DNA sequence: CTACGCATGTAACTAGTTACATGATTCA
DNA sequence: TGAATCATGTAACTAGTTACATGCGTAG
């Protein structure tokens, strides 16, 4: 569905799609080229998209895929079904849950990595949200060029809303990680390490 | 690793593990019995856990799995590696991104489902966090019964921190969905429907 | 004696990752 | 002429889901 939705805005080659999944939409949905190429073939077999051969250079050609009417119908059908939100699996939260097995140092590093990760995402997402608002993205220009003002408003508004949610999420994650670091510091202090003495991990108390 | 961590707190049968994955840990990690049983066999082959046959009734037996020393080492090794946080795929956000293809009604239902989902999670998580804090869970009692006060503090503190994060997350999602509903209402109003006239989906403007 | 919970599996399938491969084009 | 980028694939593998199956124990 992500492939269909993107191609609907602008016909593309598999390569361009892969690039696109790498930046713009990357943090909502990802796909590698090894997944995209077979998927394109499948969508073509189902009559939802169509490949047009385009020359590149003298010898080579490339396949530019565009959405067919049946593909538009499929998109609309999909969009009009409510999906139940679901619980993601989080390898990271799982680890934090059992962080008493780790040294204080590693526990702190884990939170720090979390903080840095979402700080970077915050910046990236904020920039992308701004581009969206200004209609600055390639795809938005294509998507909106022959839409009514009213329709454009909706197209934009939903996407901006998604990014606002992502930004709040990032902020929340940053706060959580910061509190996590403080927690580790507190535990470390409470462990009552005498000066000049390196604290052992709490898990080592368990072993013996 | 989830299986190892749980079994370390208390030896269990595959069935009990499956139950456990259904409630307590369910929103951090899930696993169905059809995944658990083969996994237990695999962990046993690797020497990380060991099955003890226990009678149940007269004829039947059951396998209770317990963590072996090698399993403890493996847990410690795992916990002491920082995992890079990662970008989940979100089918729901993907749909909201392209919600201009849906009717206003479905768009609103999607946000409403999101709100209700996280409201329920909020209640469930809050209850579980409270149980954790009071040491009210079965597993916590086992886990802590022969630990030092200091070690217990860490065991508890990390888990509580995870649940506090989940609660903030749920709150954030509820707010986001509520704003989403308001957004749909606004778009609907701006679409300028005359009284007594049913609004078409914005996507239908695109088609033709 | 019946229903519900305990207990344990397998099979078929879908999705996704990582690695292996290849070749043309374009720009410095 | 070499490196970066465009372009397109396949193979092997891991994880996870859904559905199919079976049978004992226990309480009412």
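The values are calculated or read from the model by the stated rules, or taken from the named source; none is laboratory data. The structure presented is a predicted model; accordingly, all values stated were derived computationally and were not measured. Neighbour counts run over all protein chains shown; Cβ positions are idealised from the backbone, glycine included.
So here's what we get for this one:
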| read-out | value |
| --- | --- |
| Subset of the range A:154-191 that is closer than 16 Å to residue B:98 by Cα and more than 17 Å from the chain's Cα centre (by Cα) - its residue that is surrounded by the fewest Cβ atoms within 10 Å (Cβ to Cβ) | A:156 |
| Count - residues of the range A:46-60 that are part of a strand (DSSP E or B) and either surrounded by fewer than 16 Cβ atoms within 10 Å (Cβ to Cβ) or assigned by TED's automatic domain parsing to the domain that holds residue A:166 (or both) | 6 |
| Search result, residues across the range A:104-123 that are buried (at least 20 other Cβ atoms within 10 Å of the Cβ) and either out of contact with any helix residue (DSSP H, G or I) (no Cβ under 9 Å at 6 or more places or on another chain) or at the interface with another protein chain (Cβ under 7 Å from one of its Cβ atoms) (or both) | A:110, A:114 |
| Residue match in the range B:85-106 (condition: under 30 Å from residue A:191 (Cβ atoms) and at pLDDT below 95) | yes |
| Number of the exception - residue A:88 against (1) exposed (fewer than 13 other Cβ atoms within 10 Å of the Cβ); (2) facing another protein chain (nearest Cβ under 9 Å); (3) within 13 Å of DNA strand D (Cβ to nearest atom) | (1) |
| Filter result for residue B:156 (part of a helix (DSSP H, G or I) and over 29 Å from residue A:1 (Cβ atoms)) | yes |
| Condition met for residue A:56 (within 10 Å of DNA strand D (Cβ to nearest atom), modelled with pLDDT under 95 and more than 7 Å from chain B (Cβ to nearest Cβ)) | yes |
| All positions within the range A:24-40 that are within 12 Å of DNA strand D (Cβ to nearest atom) and within 21 Å of residue A:127 (Cβ to Cβ) | none |
| Checklist (1) farther than 23 Å from residue A:166 by Cβ; (2) surrounded by fewer than 14 Cβ atoms within 10 Å (Cβ to Cβ); (3) within 9 Å of DNA strand C (Cβ to nearest atom) applied to residue A:39, failing item | (2) |
| Odd one out for residue B:136 among (1) assigned to a loop (DSSP other than H, G, I, E, B); (2) within 11 Å of another protein chain (Cβ to nearest Cβ) | (2) |
| Residue identified as at the interface with chain B (Cβ under 9 Å from one of its Cβ atoms) and at pLDDT below 85 among A:157, A:151 | A:151 |
| Residue match in the range B:66-74 (condition: over 23 Å from residue A:82 (Cα atoms), within 12 Å of DNA strand D (Cβ to nearest atom) and either more than 7 Å from chain A (Cβ to nearest Cβ) or surrounded by fewer than 20 Cβ atoms within 10 Å (Cβ to Cβ) (or both)) | no |
| Residue B:127 under 16 Å from the mean Cα position of the chain (by Cα) and modelled with pLDDT under 95 | yes |
| Residue count for the range A:5-36, restricted to those that are part of a helix (DSSP H, G or I), within 13 Å of DNA strand C (Cβ to nearest atom) and within 14 Å of another protein chain (Cβ to nearest Cβ) | 3 |
| One residue from B:43, B:17 being within 12 Å of DNA strand D (Cβ to nearest atom) and either in contact with a helix residue (DSSP H, G or I) (Cβ under 8 Å, 6 or more places away or on another chain) or not assigned by TED's automatic domain parsing to the domain that holds residue B:6 (or both) | B:43 |
| Test result for residue B:46, more than 12 Å from DNA strand C (Cβ to nearest atom) and closer than 30 Å to residue B:179 by Cα | no |
| Close pairs (6 angstrom Cβ cut-off, 6 or more residues apart or separate chains): closer than 14 Å to residue B:74 by Cα and touching a residue at least 40 places away in the same chain (Cβ under 8 Å) in the range B:31-48, within 8 Å of DNA strand C (Cβ to nearest atom) and assigned to a helix (DSSP H, G or I) anywhere | none |
| Conditions (1) more than 10 Å from every other protein chain (Cβ to nearest Cβ); (2) at pLDDT 95 or above; (3) over 30 Å from residue A:108 (Cα atoms); number of the one not met by residue A:170 | (3) |
